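Undergrad: One structure follows; several queries about it will come next.
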Amino acid sequence: MPFQLSSVRMFPLGDAALVLQLGDEIAVETHHQVKAVAQFLDQHPFPGLVEYVPAFTTVTVYYDPWLVSDWGRLDAYAAVETHLRQMLAQLETAPAAAQASVKEIPVVYGGAFGPDLELVAQHTGLRAEEVIALHSQAEYLVYMIGFAPGFPYLGGMNPRLAAPRKQVPRAVIPAGSVGIAGLQTGVYPLETPGGWQLIGRTPLSLFDPARASPSLLEMGDVVRFVPVSEKEYLNWKERPHEH
Amino acid sequence: MSIKVEKAGLFTTVQDLGRFGFQKQGMVVSGAMDAYALRLANLLVNNPQNTAALEITLAGPCLLFQEDCLIALAGADLSPSLNGISVPIHRVIYVQKGALLAFGAPALGCRAYLSVAGGFDVPLVMGSAATYARAGLGGWQGRALQKGDVLPMKSLVSEQVSAWSGKSKPEELFSVASWGIAADLLSAYTDAPTVRVLPGPEYDLFSENAQETFWQGEFKIATASDRMGFRLEGPPLELKEPVELLSSAVTFGTVQVTPNGNPIILLAEHQTTGGYPRIGQVISADLPVLAQVRPGQCVRFREVSLAEAHALYYQQERTLEHLSRAIHLQSKR
């Protein structure tokens, strides 16, 4: 599917970034456009491109004005805008590439690993096993990574699992905690304070600076949560490389 | 080659120009708050501009030099001294083994940069030496310096040192270069700066009253401010109507407004994305001045055009290029 150029907006974020806005609401089609732009920039970086940040409906392109302007001779913003318009004209939204492989994330649900599972069950009127089943049956799309290193914004949670944030946020949430907040579900990559309802925990490290790609997940990935036992969790923690 | 930390000071970290390329993975850039000053400090000792240096905040540390080396200080004037004798900033200083660098009362600005010829020898994490203390990552063991730390330096090009040996008086253990950087090439730090700003993507969502207040008002930097952001206290900035925004990128200098109407200016350790309306964006050329404001001091905002912002940035880059050439020539004499 080609881009509808008329619906693309571009505007500056300060003097060293340009925002490409590809839609106005969270939608899989918009996400595919975001992904296509990201892939194109990976494959064809222009001189002076610093990096880009994809989000739900936008790709923010950071540039070095000094380089892009040919050392002050050109209008830097206009140069980047022209470049991106030319890119969009060549671009098709990634059709086949959108069929990403499913990344499985093992999770121990409930107990000490998911202290709010019962609360979520009570709030939703479901049994704890049903919460686990609904949460682990769905496939989730990683719309973007943000807020914290490696933190995925996931789409696709069953609305029946929606539960409000905690009134008083926890001071410490262990890394790997899987939580629900409103209509969202997510995984905390690092130990942080937070207000999500915690229903489980994964032994996987969502962010590891020593890895070539530090974030386990990337924008565009498809994720499924796989229930595991506490024993499997501990095995995984002890011998992460055997899995 | 190393420096021993005799006293920690308030908050001293290893920084370079930042960790780029991983914001799409949610990784913050970090790096120097005043990148211009870090680049000056490196230029003075003939380092590449992105070399790891120390960012020293308000109350400086006491550092004992365990080898002869060349150093330079740039950015804030935190009243530095060597063995009790006051030394200037923006000059190359030849320091002998056993000299003790200390700091006094902050005279101007908030953050000083200490470069050593060759740079500090810390492992690169994701391509950068910048400390990101919140995640315990980068720099020196992912944290601020502590008493007793022995911070390694890369070995110095010997000809650079030998050019200086014999120049210092034996009782002083150091010697200051006769030349420095002209004052008009430095950032114009003040205690109450007016920083230049481009309207942000959500500027039009704010009420006319809020827009006027933003340009006319004075905003105080709250105590709860750090390298991630300055929380501002001032007249509240209200939206025309409540909005729910989808998360999108934010950057160094983004002025976002929280639901209570108070702005936050995001700084070197800004998160990669945010969902608050962005009323403005401080221009790149004024980030150094902004970075030197202390909690309790006030800032004002003035609107400029994108073309002006770029012109000011180019001017800064040209200054650095000229300085770089001049210093290369000087150090060859």
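The values are calculated or read from the model by the stated rules, or taken from the named source; none is laboratory data. This structure is a prediction, so every number in the text was calculated from the model and none was measured. We place every Cβ from the backbone using ideal geometry, glycine too, and count neighbours over all the protein chains shown.
Residues are listed down the side, and each one gets a yes or a no for (1) in a loop (DSSP other than H, G, I, E, B); (2) under 23 Å from the mean Cα position of the chain (by Cα); (3) more than 14 Å from chain A (Cβ to nearest Cβ):
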{"residue": "B:Q281", "(1), (2), (3)": "no, yes, no"}
{"residue": "B:P295", "(1), (2), (3)": "yes, yes, yes"}
{"residue": "B:A309", "(1), (2), (3)": "no, yes, no"}
{"residue": "B:T319", "(1), (2), (3)": "no, yes, no"}
{"residue": "B:I327", "(1), (2), (3)": "no, yes, yes"}
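Undergrad: Further question: Going through A:L204, A:L190, A:L154, A:L198 one at a time, which residue ends up being crowded, with 16+ Cβ neighbours inside 10 Å and free of Cβ contacts under 8 Å to residues at least 60 places away in the same chain?
TA: Checking each option against the conditions leaves just A:L190.
Undergrad: Please go through segment A:31-55 and pick out each residue that is part of a helix (DSSP H, G or I) and either under 14 Å from A:L84 (Cα atoms) or within 10 Å of chain B (Cβ to nearest Cβ) (or both).
TA: Once the filter is applied, which keeps residues that are part of a helix (DSSP H, G or I) and either under 14 Å from A:L84 (Cα atoms) or within 10 Å of chain B (Cβ to nearest Cβ) (or both), segment A:31-55 yields A:Q33, A:V34, A:A36, A:V37, A:A38, A:Q39, A:F40, A:L41, A:D42, A:Q43.
Undergrad: Which condition number in (1) free of Cβ contacts under 8 Å to residues at least 40 places away in the same chain; (2) among the aliphatic types (A, V, I, L, M); (3) part of a strand (DSSP E or B) is the one that B:V176 fails?
TA: With (1) free of Cβ contacts under 8 Å to residues at least 40 places away in the same chain; (2) among the aliphatic types (A, V, I, L, M); (3) part of a strand (DSSP E or B) applied to B:V176, the lone miss is (1).
Undergrad: Continuing with this model, one more query. Return the pairs, sorted by first residue and then second, in which the second residue is surrounded by 14 or more Cβ atoms within 10 Å (Cβ to Cβ) and among the basic types (K, R), the first residue lies in segment B:233-249 and is under 20 Å from B:T223 (Cβ atoms), the beta carbons are less than 6 Å apart, and the residues are 6+ apart or on different chains.
TA: B:E233/B:K220
Undergrad: I've got another one for you. Just give me the residues in segment B:240-279 being part of a loop (DSSP other than H, G, I, E, B), of a type in the set (S, T, Y) and at pLDDT 95 or above, in sequence order.
TA: Within segment B:240-279, B:T251, B:T272 qualify.
Undergrad: Let me ask another. Looking at segment B:206-227, I want the residues that are assigned to a loop (DSSP other than H, G, I, E, B) and have a partner that is crowded, with 18+ Cβ neighbours inside 10 Å and of a type in the set (K, R) with Cβ atoms under 7 Å, at least 6 apart or on another chain. Which pairs are those?
TA: Between residues of segment B:206-227 that are assigned to a loop (DSSP other than H, G, I, E, B) and residues that are crowded, with 18+ Cβ neighbours inside 10 Å and of a type in the set (K, R), the close pairs are B:A222/B:R231; B:A224/B:R231; B:S225/B:R231.
Undergrad: Identify the residue in segment B:13-26 that is in contact with a Ser or Thr (Cβ under 7 Å, 6 or more places away or on another chain) and of a type outside the set (K, R) and, among all such residues, is nearest to B:H328 (Cα to Cα).
TA: B:D16
Undergrad: I'm told A:M10 meets every condition in (1) part of a helix (DSSP H, G or I); (2) modelled with pLDDT of 95 or more except one. Can you identify the failing condition by its number?
TA: If we test A:M10 against (1) part of a helix (DSSP H, G or I); (2) modelled with pLDDT of 95 or more, just (1) comes out false.
Undergrad: Among what's in segment B:46-58 and is crowded, with 24+ Cβ neighbours inside 10 Å and not acidic (D, E), pick the residue that is farthest from B:V122 (Cα to Cα).
TA: B:I56
Undergrad: Can A:G125 be described as surrounded by 23 or more Cβ atoms within 10 Å (Cβ to Cβ), under 30 Å from A:A181 (Cβ atoms) and not β-branched (V, I, T)?
TA: In short, no.
Undergrad: Of the numbered conditions (1) within 14 Å of chain A (Cβ to nearest Cβ); (2) touching a Phe, Trp or Tyr at 6+ places or on another chain (Cβ under 8 Å), B:V299 satisfies every one except a single condition; which is it?
TA: (1)
Undergrad: In segment B:214-225, is there at least one residue being among the small types (G, A, S) and in contact with a Leu (Cβ under 6 Å, 6 or more places away or on another chain)?
TA: no
Undergrad: Of the residues B:V45, B:V29, which single one is within 14 Å of chain A (Cβ to nearest Cβ) and either aliphatic (A, V, I, L, M) or under 30 Å from A:G150 (Cβ atoms) (or both)?
TA: B:V29
Undergrad: Then there is this: Identify all residues within segment A:141-165 that are within 28 Å of B:Y132 (Cβ to Cβ) and in contact with a Leu (Cβ under 9 Å, 6 or more places away or on another chain); write none if there are none.
TA: If the condition is that a residue be within 28 Å of B:Y132 (Cβ to Cβ) and in contact with a Leu (Cβ under 9 Å, 6 or more places away or on another chain), then A:V142, A:Y143, A:I145, A:A148, A:P149, A:G150, A:F151, A:P152, A:L154 are the ones that fit.
Undergrad: Is one or more of the residues making up segment A:166-173 small (G, A, S), within 18 Å of the chain's Cα centre (by Cα) and surrounded by fewer than 17 Cβ atoms within 10 Å (Cβ to Cβ)?
TA: No - not one qualifying residue is present in segment A:166-173.
Undergrad: Which condition from (1) within 17 Å of the chain's Cα centre (by Cα); (2) farther than 17 Å from B:L246 by Cα is the one that A:D64 breaks?
TA: (1)
Undergrad: In this structure, does B:G21 turn out to be within 14 Å of another protein chain (Cβ to nearest Cβ) and either out of contact with any Lys or Arg (no Cβ under 8 Å at 6 or more places or on another chain) or in a strand (DSSP E or B) (or both)?
TA: yes
Undergrad: Which of the residues belonging to segment A:101-151 are farther than 30 Å from B:Q23 by Cβ, in contact (Cβ under 8 Å) with a residue 24 or more places away in the chain and of a type in the set (G, A, S)?
TA: A:G110, A:G111, A:G114, A:S136, listed by residue number.
Undergrad: Additional query: If you go through segment A:56-68, how many residues are touching a residue at least 40 places away in the same chain (Cβ under 8 Å), within 8 Å of another protein chain (Cβ to nearest Cβ) and among the aromatic types (F, W, Y)?
TA: Adding up the residues that qualify gives 2.
Undergrad: Considering only segment B:235-246, state which residues are crowded, with 16+ Cβ neighbours inside 10 Å and under 18 Å from B:Q281 (Cβ atoms).
TA: B:L237, B:L239
Undergrad: As an exercise: evaluate B:S128 against (1) in contact with a strand residue (DSSP E or B) (Cβ under 6 Å, 6 or more places away or on another chain); (2) crowded, with 24+ Cβ neighbours inside 10 Å; (3) not acidic (D, E) and give the number of the one condition it does not meet.
TA: It is condition (1) that B:S128 fails.
Undergrad: (1) in a loop (DSSP other than H, G, I, E, B); (2) away from every other protein chain (no Cβ under 12 Å); (3) under 17 Å from the mean Cα position of the chain (by Cα): which one isn't true of A:F225, the others all being true?
TA: Of everything listed in (1) in a loop (DSSP other than H, G, I, E, B); (2) away from every other protein chain (no Cβ under 12 Å); (3) under 17 Å from the mean Cα position of the chain (by Cα), A:F225 misses just condition (1).
Undergrad: If you don't mind, there's one more thing I want to ask. Tally the residues that are more than 9 Å from chain A (Cβ to nearest Cβ) and either surrounded by 19 or more Cβ atoms within 10 Å (Cβ to Cβ) or under 16 Å from B:A32 (Cα atoms) (or both), restricting the search to segment B:261-275.
TA: The qualifying residues number 8.
Undergrad: Of the conditions (1) in a helix (DSSP H, G or I); (2) at pLDDT below 95, B:A37 fails just one. Which one is it?
TA: Exception for B:A37: condition (2).
Undergrad: Hey, could you check segment B:306-332 for residues that are of a type in the set (S, T, Y) and free of Cβ contacts under 8 Å to residues at least 60 places away in the same chain and say which is surrounded by the most Cβ atoms within 10 Å (Cβ to Cβ)?
TA: B:Y313
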